[in-house]
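Inspection log for the structure reproduced underneath, given as structure tokens.
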Amino acid sequence: MTGVRVRDEQQVRGSAGDDGVLGRRYRALTLGIVSVVLLIAFEATAVGTAMPVAARELHGVGLYAFVFSGFFTTSLLAMVISGQWCDRSGTQAPITVGIGGFAAGLVVSGTAQSMGPFLLGRAVQGFGAGLVIVALYVVVGRAYPERLRPSVMAAFSASWVVPSIVGPLVSGTVTEQLGWRWVFLAIPVLVVLPVMVMLPALRRTAREAAEAGGSGLSGRGAAQGAAKDGRPAMNGRRIWLAAALATGAVLLQYAGQDLRPVSVVPAVAGAALLVPSALRLLPRGTFRAKRGIPTVVLMRGMAAGTFIAAESFIPLMLVTQRGLSPTLAGLSLAGGGLTWALGSYLQSRPGFEASRERLVQVGLLCTAAAIAAVPLALDHAVPAWVVAVAWSVGGFGMGLAISTIGVLLLRLSPPADAGANSAALQVSDALSNVLLVGAAGTVFAALGGGSVAPSAAGAAATATSAHPTAFAAVFLPAAALALTGAFIATRLRPGPRP
């Protein structure tokens with residue numbers, strides 16, 4: 001700890017050129033990690049657009065939901081592994097392996113001639129993404145002083161703006177003109193540049209941390225130091241719990257797709273795997289909203305899950321209920337990407353440093369109001385552009401909440417626990433996305449909305465019949481859950497020590 005404090009004090013006293021996230025000291029590292037986030041964001045939007053065409057050409061429409069559940073399954077597992085790996089050996093190895101797996105999975109899917117290899121590629125890709133996203137949070141916590149972390153989180157959010165706007169358009173054009181395979185095969189080529197920029201900066205930061213006596217970020221020396229300073233070894237039990245958690249999530253998602261009585265069997269099996277695993281993997285007291293880290297982790301899941309669950313059904317509602325084209329329906333969400341970046345930038349201002357818990361509350365109130373306003377467009381007397389306005393408000397709220405939650409997690413985490421807590425944050429995010437979008441799809445189908453694949457890329461879903469009640473049953477509970485999160489956010493601040 002002393003070495004870490006000394007290093008941070010040296011950074012604060014640095015020259016003006018070293019002062020910011022784009023100063024000489026941090027420029028290469030910041031550009032590298034932001035570039036990686038940019039590629040992950042572009043992949044999420046571009047691949048989701050090409051996915052329906054790929055599934056149809058590979059004669060695998062019946063397995064469409066598993067294209068996404070396979071990705072989330074391996075991501076959940078990789079997040080837990082990455083957290084332990086970072087705490088034990090630093091971040092360089094998880095990031096390198098993760099980026100390699102992410103790229104390899106895209107190549108496997110892009111060259112697949114049948115649905116089996118395609119699903120395998122998605123699973124490999126998800127595993128790589130899970131390793132990377134947790135390791136990047138640990139990098140922020142260890143490589144940057146606390147005063148710069150809000151700015152890095154704001155840069156993460158800003159990295160999603162351009163992909164959310166141009167990703168579907170570029171992917172749609174490439175799919176129509178060249179074929180869906182080029183969407184998958186072009187992205188790995190783009191990975192090379194950020195890796196070349198980031199890895200040398202990671203090695204330099206790890207070397208400086210080791211010289212200062214702090215917590216190393218990578219390399220064999222960090223692994224050897226783990227045995228001397230008591231850092232935890234890889235915990236096989238937690239990895240098995242992560243595998244059970246992911247498997248349970250898939251079984252529940254599968255059961256939600258098929259409303260026949262026989263689906264009770266995978267639903268019960270999934271719950272039996274998921275519930276005890278989640279209780280053991282997430283910080284103790286998470287589901288009781290215990291003050292401090294447990295509530296931080298819970299808030300991440302509530303904020304992300306409610307927003308994504310609602311967002312997945314907005315294009316479908318606008319197409320089936322208001323007659324908009326898919327392009328216009330998708331563009332109704334673009335404003336949310338811009339305001340998300342604005343909200344994230346606002347939370348990074350020094351003036352808000354003392355009121356971070358309040359920022360999360362305000363963010364969730366904005367999100368709840370936005371989600372509740374969306375079903376107003378089910379009334380044809382209400383102009384459809386109301387949805388775009390509402391989603392801009394919701395995106396602003398998410399920018400405030402998500403980035404602030406990440407800053408709070410790093411502030412409250414001791415250096416030795418940064419990896420495990422970052423993994424818990426991402427597990428909460430991914431698990432809530434799978435469960436809440438899946439639950440929304442189940443309710444939607446049960447109320448006559450049609451068959452909807454519950455995935456984060458919900459724009460690909462189609463409805464055979466769409467009833468306004470089914471859409472309202474998706475949006476209003478999500479708004480209520482976001483509102484509940486705003487009240488629970490009062491427990492983000494740790495309680496007084498006994």
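Would you rank TRP182, TRP160, TRP385 by solvent-accessible area, highest first, keeping every protein chain in place and using a 1.4 Å probe?
TRP385, TRP182, TRP160
Might you work out the accessible area of ARG56 for me, using a 1.4 Å probe with all protein chains in place, and round it to the nearest 10 Å²?
The accessible area comes out at roughly 140 Å².
Using θ = phi - 60° and the Karplus form 6.51 cos²θ - 1.76 cosθ + 1.60, what ³J(HN,Hα) does each residue of region 389-405 get, whole Hz, x for Gly and Pro?
Once rounded to whole Hz, the list reads 5, 4, 6, 5, 5, x, x, 4, x, 5, x, 5, 6, 5, 5, 5, 4.
So how strong a dipole does region 251-336 carry about its Cα centre when Lys and Arg Cβ are +1 and Asp and Glu Cβ are -1, to the nearest 20 debye?
That gives region 251-336 a dipole magnitude of about 480 debye.
Please calculate how many Å² of accessible area region 267-379 carries per residue, with a 1.4 Å probe and no DNA, RNA or ligand atoms counted.
Accessible area per residue: 39 Å².
Where does the charge balance sit around PHE118 when Lys and Arg score +1, Asp and Glu -1, over other residues with C-beta under 11 Å from its C-beta? It would help to have the intermediate numbers written out before the result.
Values: positive: ARG122, ARG181; negative: GLU57.
Residues near PHE118 contribute +1 overall.
Whenever you get a sec, line up LEU410, LEU365 from highest to lowest accessible area (probe 1.4 Å, protein heavy atoms).
LEU365, LEU410
In nm, what is the difference between 0.36 nm times the number of residues separating THR111 and ALA446 and their Cα-Cα distance?
Details: separation 335, 0.36 × 335 = 120.60 nm, distance 3.70 nm.
Between THR111 and ALA446, full extension yields 116.9 nm more.
Using r as the Cβ-Cβ distance of THR484 and ARG358, and R0 as 25 Å, what FRET efficiency do you calculate, to the nearest 0.05?
Values: r = 17 Å, r/R0 = 0.68.
Between THR484 and ARG358 the formula returns 0.90.
Per residue, how much accessible surface does region 68-206 expose to a 1.4 Å probe? Answer in Å², no decimals.
Spelled out: the 1.4 Å probe surface of region 68-206, per residue, equals 33 Å².
Roll a 1.4 angstrom probe over the protein heavy atoms and tell me the percent of accessible area of region 304-347 that is carbon or sulfur.
Answer for region 304-347: carbon and sulfur cover 74 percent of the accessible area.
Roll a 1.4 angstrom probe over the protein heavy atoms and tell me the percent of accessible area of region 71-187 that is carbon or sulfur.
Values: 2610 of 3600 Å².
Of all accessible area on region 71-187, carbon and sulfur atoms account for 72 percent.
Which percent of the Cα-Cα distances in region 271-371 go past 23 Å?
That fraction is 45 percent.
Length gain on complete extension for the stretch ARG56 to VAL264, per 0.36 nm per residue less the alpha carbon to alpha carbon distance?
Answer, rounded to one decimal: 72.0 nm.
For GLU176, GLU146, give the ranking by accessible area with the largest first, probe 1.4 Å.
From most accessible down to least: GLU176, GLU146.
The values are calculated or read from the model by the stated rules, or taken from the named source; none is laboratory data. None of these values were measured; they are calculated from a predicted model. Glycine also receives a Cβ, built like all others from the backbone with ideal geometry; neighbour counts cover every protein chain displayed. Keep in mind that these areas ignore ligands, DNA and RNA; they rest on the heavy atoms of the full protein, side chains included. Shrake-Rupley method; radii C 1.70, N 1.55, O 1.52, S 1.80 Å.
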